[in-house]
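Structure first, commentary second.
The values are calculated or read from the model by the stated rules, or taken from the named source; none is laboratory data. Just so you know, these numbers come straight off a predicted model, no measurement behind them. Positions of Cβ are backbone-derived with ideal geometry, glycine not excepted, and every protein chain shown enters the neighbour counts. Surface areas here come from the heavy atoms of the whole protein model, side chains and all, with no ligands, DNA or RNA. Shrake-Rupley method; radii C 1.70, N 1.55, O 1.52, S 1.80 Å.
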Amino acid sequence: DYFIAISNVVMQSSPKNISNRKKKIVYNPFNVASLVNKESARSYSVEKYKIPNDCFLLGCIGRIVDYKNIDFVIKNIYDVHKNLNIDIYLIIVGTGKEDYISELKTYARNLGIDRRIIFTGFLSDPNKIIASLDLLIAPSLVDAFGRTIVEAMLQKTPVLAAKSGGHIGIINEGVNGMFYETTVKNDFINKISIIVNSENIHTIPDNAYIFAKKNFSSKQHLHNILTIYSHLLKS
């Protein structure tokens, strides 16, 4: 028997009767040559969604379901705007049950920040949006991996993720991304403040880009699979 997992979280649930030497994490491959020009991507988002070019643009990408914790991000946009005195907007890309999306829109409207929240619906290729962001937020509470984090890394977009689930196996704090303590409002706002005010923030997405290209390419995926087959043939 041999157990192959796509993340640390999945590996933790692996059968106990299989020895650790027969367990291997093999990440799904990504198109590591997908880098989009950030200036043209920003112009695209500004024009399409009628937002200020100089705003601080956040994004959440993925299925819109309750465990993704998008309501936490929406709830804190007003305080980020007020406390940090920055013109902040949030783009939410993805689909979900219409009732739940309507609930999130009503929530934003009741908070008086609906003009700062853009719901795009489904996009077949979100890379242009991801490349246009100043910061990708990954707020999910239970994701086994975190595909959009890697997609952001490959667009040299900084990532701030909830410290949970599969996020922990991808991000090295302060090196290729940043964490905030899950559902802790003050930590979330503080981490955004650090990112907004950091003069060296570009080093994090640069490191992330190198990390993602090295670890999530088709070539690396094939190497990992062949290594397993080689081990099996020898045994």
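Quick look at the values:
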| item | result |
| --- | --- |
| Per residue accessible area in Å² of the chain, where ligands, DNA and RNA are left out and the probe is 1.4 Å | 52 |
| Simple spin-label estimate for E98 and S40 in nanometres, 7 Å along Cα-Cβ | 3.6 |
| D_trans [Stokes-Einstein, Kirkwood Rh over alpha-carbon pairs] for the range 114-235, 10 °C, 1.306 mPa s, µm² s⁻¹ | 100 |
| Under 17 Å from K128, Cα to Cα: aspartates and glutamates that are on another chain or at least 8 residues apart | E39, E47, E151 |
| Label-point separation, Y78 to N28 (7 Å along Cα→Cβ), nm | 3.6 |
| For the range 107-113, 3J(HN,Hα) per residue [Karplus equation, 6.51 cos²θ - 1.76 cosθ + 1.60, θ = phi - 60°, Hz, x = Gly/Pro] | 4, 5, 5, 5, 7, x, 10 |
| Helix-only mean residue ellipticity at 222 nm for the chain, each DSSP H run of n ≥ 4 adding -39500 (n - 2.57), per residue, nearest 500 | -13500 deg cm²/dmol |
| Interchain or long-range residues, amide H under 5 Å from I25's placed H | A5 |
| Portion, in percent, of the accessible area of the chain that falls on carbon or sulfur, probe 1.4 Å | 50 |
| Entries in K24/K219; K68/K185; K97/K185 that, when Cα-Cα distance is taken, lie over 20 Å | K97/K185 |
| Packing-based order for 173-186, 56-69, using average beta carbon neighbours within 10 Å, highest first | 56-69, 173-186 |
| Geometric extent, Cα atoms of the range 180-235 - Rg, Dmax (angstrom) | 19.1, 54 |
| Candidate aspartates and glutamates for bridging to K16, where Cα separation is under 18 Å - those fewer than 8 sequence places away on the same chain excluded | D1 |
| Nonlocal amide H pairs with I92, under 5 Å, H built at 1.01 Å | C60, I118, F119, T120 |
| All-pairs Cα distance distribution in the chain, expressed in whole percent, bin size 10 Å | 7, 31, 35, 17, 7, 2, 0 |
